[in-house]
Amino acid sequence: MAMGAPSRPSGPRPSPVALAERAKNPKAGNIVAVVRPFEHPAPPDCASNCLDLVTLMFNYHDFGHMGVDRGALNRAVFAALKPGGMYVIADHSGRPGTGISESGTLHRIEEAFLRKEVEQAGFKLVAEGDFLRNPSDPRDRNTPEPPQPKDEFVLKFVKP
């Protein structure tokens, strides 16, 4: 199963003020901000078989240097998803054999390492997106030299 290619935004990301203004749009009325500990991401009333989709966009690697219990996080996401629910993770590719050891320096994670951690929580990998891949990135710096897009991966897991 292939995943569609989104357009990559150019320019700076929206500021918190811009996002707050966007949230005032009546069409965004069903969006609710939830701030929770990483290890317990779902509110108590939605901690079991409640969610259809959870996404992590380019921040799973940060959990390594932040001291987040990634096993607890992944188990909590698994519990919160309905059967058939999806867990989609995109991140910056690390070099083979580095695991999560370069999360605080190069802001990268080894794809196989991430996949193994998520599968240990019970998830099954169902698709891989290659639309952010850049095989020219040597993955040995935070920002590649010469300047170019990072090699990035997208993994789609499902709760059986």
Going Cα to Cα from Lys156, which lysines come in below 17 Å? Please leave out same-chain ones fewer than 8 positions away. Lys82, Lys116, Lys124
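Let's see if you can work this out: charge +1 on each Lys and Arg Cβ, -1 on each Asp and Glu Cβ, no other charges. What is the dipole magnitude of region 31-160 about its Cα centre, in debye to the nearest 20?
300
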If the viscosity is 0.692 mPa s and the temperature 37 °C, what translational diffusion coefficient in µm²/s does Stokes-Einstein give for the chain when Rh comes from Kirkwood over Cα pairs? 192
What's the local net charge at Phe157, with K and R +1, D and E -1, over the other residues with C-beta under 10 Å away? +3
Candidate cut points under trypsin sites (Lys or Arg not before Pro) in region 107-160, DSSP loop plus at most 16 other Cβ atoms within 10 Å of their own Cβ, are Arg133, Arg141
What nm distance separates the two modelled labels at Val34 and Val126, each placed 7 Å from Cα along Cα→Cβ? 1.9
Region 124-150 to region 47-65: how many Å between their Cα centroids? 20
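What net charge is computed for the residues neighbouring Ser103, neighbours being all others with C-beta under 15 Å from the C-beta of Ser103, Lys and Arg scored +1, Asp and Glu -1? Provide the component values of the computation, followed by the final result.
On the way: positive: Arg70, Arg95, Arg108, Arg139, Arg141, Lys150; negative: Asp62, Asp69, Asp91, Glu102, Glu110, Glu111, Glu117, Asp140, Glu152.
Combined, the nearby Lys, Arg, Asp and Glu give -3.
For the chain, what does the relative contact order come out to in percent, with C-alpha contacts under 8 Å and a separation of six or more? It would help to have the intermediate numbers written out before the result.
Details: 266 pairs, mean separation 38.0, N = 160.
Relative contact order here is 24 percent.
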Taking only Cα atoms and a 10 Å spring cutoff, compute GNM fluctuations for the chain and point out the largest among Leu19, Leu73, Leu81. Leu19
Would you please give the residues with an amide H less than 5 Å from that of Leu81, counting only those at least 5 places away or on a separate chain, with H modeled from the backbone geometry? Asn49, Cys50, Leu51
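With a Förster radius of 25 Å, plug the Cβ-Cβ distance of Asp140 and Phe58 into 1/(1 + (r/R0)^6) and report the FRET value to the nearest 0.05. Could you put the intermediate results ahead of the total?
On the way: r = 18 Å, r/R0 = 0.74.
That gives a FRET efficiency of 0.85.
Counting only DSSP beta bridges with both residues in the chain, what percent are antiparallel, rounded to the nearest 5?
Working: 12 of 19 bridges.
Of the beta bridges lying entirely in the chain, close to 65 percent run antiparallel.
Values quoted throughout were computed directly from the atomic coordinates according to the rules given, and no laboratory measurement underlies them. Treat the numbers as computed from the prediction; the structure is a model and nothing was measured. When we count neighbours, we look across all protein chains shown, and the Cβ atoms used for this are built from the backbone with ideal geometry, even at glycine.
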